[in-house]
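Q: Quick one: this structure, given as structure tokens, is what I'll be asking you about.
The values are calculated or read from the model by the stated rules, or taken from the named source; none is laboratory data. The structure presented is a predicted model; accordingly, all values stated were derived computationally and were not measured. Ideal geometry is used to build each Cβ from the backbone, glycine not excepted, and the neighbour counts take in all protein chains shown. Surface areas here come from the heavy atoms of the whole protein model, side chains and all, with no ligands, DNA or RNA. Shrake-Rupley method; radii C 1.70, N 1.55, O 1.52, S 1.80 Å.
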Amino acid sequence: MLTPLRWHDGALEMLDQRILPTRVEWIRYTSAAGVAEGIREMVVRGAPAIGIAAAYGMAIAAQNGEDLVEADKVLRASRPTAVNLFWALDKIQALESGDAALILATAKEIEQDDLEMNLSIGRHGAELIPQGANILTICNTGALATAGHGTALGVIRSAHAEGKGIHVWSCETRPRQQGLRLTAFELVHDKIPFHSISDGMAASLMRAGKVDFVIAGADRIAANGDTANKIGTYMLAVLAKHHGIPFAIAAPSSTFDPTLANGDLIPIEERTGTEITHIEGVQVAPDNCPVFNPGFDVTPGELISYIITEKGVFKPPYSFR
Ligand code: MRU
């Protein structure tokens, strides 16, 4: 099974997702600050995976005898949007213990629970997928973004395993290309029929009747169902509504933030402009090109036909408490 993280010899190793799929390299982290750096630089990415990594970061800190309050602070500051990061750190904090073995056991439990939630999301979600469906997805929400199997891509995996005869349209997902690099890598790995497409193709495919279902993951779901996910997700939801196509979000309970009444309150990460102006380190924009690069957008709950969780499938109007 593909996995983004492994605990080895008292350290956390991250599969370097910045260089996949052409190179497969692992980076070893031996401090909480190192793990935070790995999260910030997107060596590991995807909401559930960064939560799991942060929990292991605390295990390393406890093992090293680092100041745990400081370690928690550094990890919390790594990325702002995915609530799974804060959810996992809250779980470690709730132990009220600096015992390294206990923190490590909790990190492993968070990882194992995530895998089980994903398998359950896959089962619930696959029931919604029509036989022979063309499914459009964005970003990477698979094994590489989670403890394994995935959320939205987990539903696709489960539907494929159930013999639904599906085909996937995988959006490139500029600027970081998680769809082209990572989702395509997973779909090739699992031999699931698909085509990678550039992000601008979604509307014309829908108009041509070539999309039956749209599914995406989530970084944070507010109490009213408004959902933050990779930039471009909202655009797909608007398009799906216009073309009468179901639009689903798949996420485990660790992605819900019922403390926020609506999506306007979700902090949206703004990343460096070089993600837009440069490709593979090569400048493709003019010097001094001004850039706006939010990593996520918010899809209003009313545009989401289904929210698929490990507990089952929810439909609008949403009210998560
Ligand atoms: O910036 P990223 O790659 O961390 O963004 C990832 C996404 O937006 C995913 O769709 C989301 O985290 C769900 S992963 C199961």
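Q: Pop out the ³J(HN,Hα) list for region 184-199 in order, Karplus 6.51 cos²θ - 1.76 cosθ + 1.60 with θ = phi - 60°, rounded to Hz; leave Gly and Pro as x.
A: Those phi angles translate into 4, 4, 5, 5, 4, 4, 8, 6, 9, x, 7, 10, 7, 9, 6, 4 Hz.
Q: So who's got an amide H within less than 5 Å of the one on PHE256, skipping anything under 5 residues away but keeping other chains? H placed 1.01 Å off N, in plane.
A: Long-range HN contacts for PHE256: ILE221.
Q: I'd like the accessible area for PHE296: 1.4 Å probe, protein heavy atoms, all chains in place, Å² to the nearest 10.
A: Roughly 10 Å² of PHE296 is accessible to a 1.4 Å probe.
Q: Quick one: compute the contact order of the chain, relative version, from alpha carbon pairs under 8 angstrom and 6+ residues apart, as a percent. Working shown, then result.
A: Values: 711 pairs, mean separation 53.0, N = 321.
Once divided by the residue count of the chain, the mean separation gives 16 percent.
Q: Can I ask one more? Using a cut-off of 13 Å between beta-carbons, work out the net charge of the residues near ALA222 (Lys and Arg +1, Asp and Glu -1, ALA222 not included).
A: Working: positive: ARG220, ARG321; negative: ASP219, ASP226, ASP257, ASP264, GLU302.
With Lys, Arg at +1 and Asp, Glu at -1, the net is -3.
Q: Please state the charge dipole magnitude for the chain, taken about the Cα centre, from unit charges on C-beta atoms (+1 on K and R, -1 on D and E), reported in debye and rounded to the nearest 20.
A: Working: 27 positive and 37 negative charges, 203 e Å.
Around 980 debye, computed over the chain.
Q: Under a 10 Å cutoff between Cα atoms, tell me which one of ALA47, ALA101, ALA32 has the largest fluctuation in the Gaussian network model of the chain.
A: Looking only at ALA47, ALA101, ALA32, the largest GNM fluctuation is found for ALA101.
Q: When the chain is modelled as a GNM with alpha-carbon springs shorter than 10 Å, which of ASP199, ASP297, ASP190 fluctuates the most?
A: ASP190
Q: Any idea of HIS195's accessible area? Nearest 10 Å², probe 1.4 Å.
A: Only protein atoms counted, so the area is about 100 Å².
Q: Dipole of the chain (Lys/Arg Cβ +1, Asp/Glu Cβ -1, origin at the Cα centre): which of LEU85, LEU128, ALA147 lies farthest to the positive side?
A: LEU128
Q: Here is a follow-up. Add -39500 (n - 2.57) for each DSSP H run of 4 or more in the chain, then divide by its residues: what number comes out at 222 nm, to the nearest 500 deg cm²/dmol?
A: Numbers: 10 runs with 112 residues, N = 321.
Helix-only estimate at 222 nm: -10500 deg cm²/dmol.
Q: Still on this model: Net charge within 14 Å of VAL155 by Cβ-Cβ distance, Lys/Arg positive one each and Asp/Glu negative one each, not counting VAL155 itself?
A: Details: positive: ARG123, ARG157, LYS164; negative: GLU127, GLU162, GLU186, ASP190, ASP212, GLU310.
Residues near VAL155 contribute -3 overall.
Q: Give me the percent of the accessible area of region 5-118 that comes from carbon and sulfur atoms, probe 1.4 Å, all protein chains in place. Don't skip to the answer; put the middle values down first.
A: Values: 2360 of 4630 Å².
Summing carbon and sulfur atoms, their accessible area is 51 percent of the total for region 5-118.
Q: If I model the chain as equal point scatterers sitting on the Cα atoms and use the Debye formula, what is log10 I(q)/I(0) at q = 0.10 Å⁻¹?
A: -0.53
Q: Over 22 Å between C-alpha atoms is what I'm after, so list which of LYS91/LYS230; LYS164/LYS210; LYS191/LYS311; LYS108/LYS230; LYS241/LYS311 land there. Walk me through the numbers before you get to the answer.
A: Details: LYS91/LYS230 25 Å; LYS164/LYS210 16 Å; LYS191/LYS311 28 Å; LYS108/LYS230 27 Å; LYS241/LYS311 25 Å.
Those over the limit are LYS91/LYS230; LYS191/LYS311; LYS108/LYS230; LYS241/LYS311.
Q: Further question on the same structure: Provide the per residue accessible area, probe 1.4 Å, for the chain, rounded to a whole number of square angstrom.
A: 41 Å²
Q: With no solvent and one point on each alpha carbon, what is the Debye value of log10 I(q)/I(0) for region 5-118 at q = 0.12, 0.16 Å⁻¹?
A: Log10 of I(q)/I(0), two decimals: -0.35, -0.63.
Q: Take the eigenvalues of the Cα gyration tensor for region 188-321, scale each by 5, and report the square roots as semi-axes in whole Å, largest first. Don't skip to the answer; put the middle values down first.
A: Details: eigenvalues 149, 90, 40 Å².
So the three semi-axes of region 188-321 are 27, 21, 14 Å.
Q: Computing the accessible area with a 1.4 Å probe over protein heavy atoms, can you report the carbon and sulfur percentage for region 127-314?
A: Working: 4120 of 7370 Å².
Carbon and sulfur: 56 percent of the exposed surface of region 127-314.
Q: With θ taken as phi - 60° and the coefficients 6.51, -1.76 and 1.60, list the Karplus ³J(HN,Hα) couplings across region 218-233 in order, rounded to whole Hz; mark glycine and proline as x.
A: 8, 9, 6, 10, 7, 4, 8, x, 4, 10, 8, 8, 3, 3, x, 5
Q: Continuing with this model, one more query. Defining a contact as two alpha carbons under 8 Å apart and six or more residues distant in sequence, what relative contact order in percent does region 5-118 show? Intermediate values should be presented prior to the final figure.
A: On the way: 164 pairs, mean separation 27.8, N = 114.
Answer for region 5-118 is 24 percent.
Q: Excluding PRO267 itself, what net charge comes from residues whose Cβ is under 14 Å from its Cβ, given Lys and Arg +1 and Asp and Glu -1? Kindly include the intermediate steps, with their values, before the conclusion.
A: Details: positive: ARG76, ARG79, ARG220, ARG271; negative: ASP219, ASP226, ASP257, ASP264, GLU269, GLU270, ASP297.
Charge balance near PRO267 sits at -3.
Q: Quick one: 3J(HN,Hα) in Hz for region 114-121, Karplus 6.51/-1.76/1.60 with θ = phi - 60°, rounded, Gly and Pro as x.
A: My calculation for region 114-121 gives 4, 4, 5, 4, 5, 5, 5, 4 Hz in order.
Q: Still on this structure, I have one more. Between LEU136 and residues 5 or more places away or on another chain, which pairs have amide H atoms under 5 Å apart, with H built 1.01 Å from N, and which residues are they?
A: It is TRP169, ASP212, PHE213, VAL214, ILE215, by chain and number.
Q: Can you say what percent of the DSSP beta bridges in the chain, counting only those with both residues inside, are antiparallel? Round to 5.
A: So the antiparallel bridges amount to about 50 percent of the total.
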